[in-house]
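Nothing in this text is a laboratory measurement; each read-out follows from the coordinates by a stated rule. Keep in mind that this is a model prediction, so the values were computed, not measured. Using ideal geometry, Cβ is built from the backbone for each residue, glycine included, and neighbour counts are taken over all protein chains shown.
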Amino acid sequence: MAWTAEDWRDHAAGDGGHDPADPASADRPIPDYRAALTGDVKGLRIGLIRHFYTTDSAADARTREAIDAAAKRFAELGASVRDIALSPLQEWSACGVLIMMSEAYAIHEANLRTRFTDFGEAFRGGWRWLRCGARAITSRRCAGGRELIDELDRAMAGFDLVMTAAAFSEAPKIDAVGKFSTLERPSLTIPSTSPAARRCRCAAALTEAGLPLSFQIVGKRFADRTVLRAADAYERATPWRGRRPAL
């Protein structure tokens, strides 16, 4: 949604708040995001979910090295960083994919029946998957889903934030992305899209082609200020936000 934490701060300040048309929208005041961007992370406790991208589904070597460097940078800035373990990434991803398919089916069912060819090829190719998802569960339901959210709550009780990889490598070329690419590997971002979390994505390094190797910072419910604070401090302490890929 934005290039930097500072950009997102300005967006959220002007576009945030309660949406009465959305029953899932929380009626809470908009925090002072501007005051959160202090550049200081001293004392923050950060849990590193390393096994998601090393043993559960291995990221490439450059990504692993870049995230190690990002964790070291946080420690140099005064944060406490130590490893934390959750259920395997495959369990989070399997549950998230089922929810994603069922919700996509619920949203698009009428148009899929009447305007099928107006959808893109990749989405049409997933039509059978969507129907399977709709039969498997109802929207926002998944066996074990509630348990995983509770697990994340418990795991984060002793931390202010957690961090892990956001992708397994640099972004692929568009013609290298298959129709079912979202189902080929477990998703690193599904755990942080649960109702228990807030997240921000940062560059950990740039490849020779200028493409980012990224990690994500994940905070507790309504902890947007803490997430932005950490992201902004990291961006100030590294050169990545000032560089752009050659397109």
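Structure above, values below:
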{"item": "Radius of gyration and maximum dimension Dmax of segment 55-110, Cα, Å", "result": "17.4, 53"}
{"item": "Virtual spin-label span in nm between Ala58 and Glu76, 7 Å along Cα→Cβ", "result": "2.8 nm"}
{"item": "Percent of Cα-Cα distances greater than 17 Å, calculated over segment 37-132", "result": "66 percent"}
{"item": "Principal axis dimensions, largest first and in whole angstrom, of segment 16-92 by Cα", "result": "45, 34, 20"}
{"item": "Å³ per residue enclosed by the Cα convex hull of segment 12-61", "result": "205 Å³"}
{"item": "Rounded to whole Hz, the Karplus (6.51, -1.76, 1.60) HN-Hα couplings of segment 96-112, x for glycine and proline", "result": "x, 5, 4, 5, 4, 5, 5, 6, 4, 4, 4, 6, 9, 3, 4, 6, 5"}
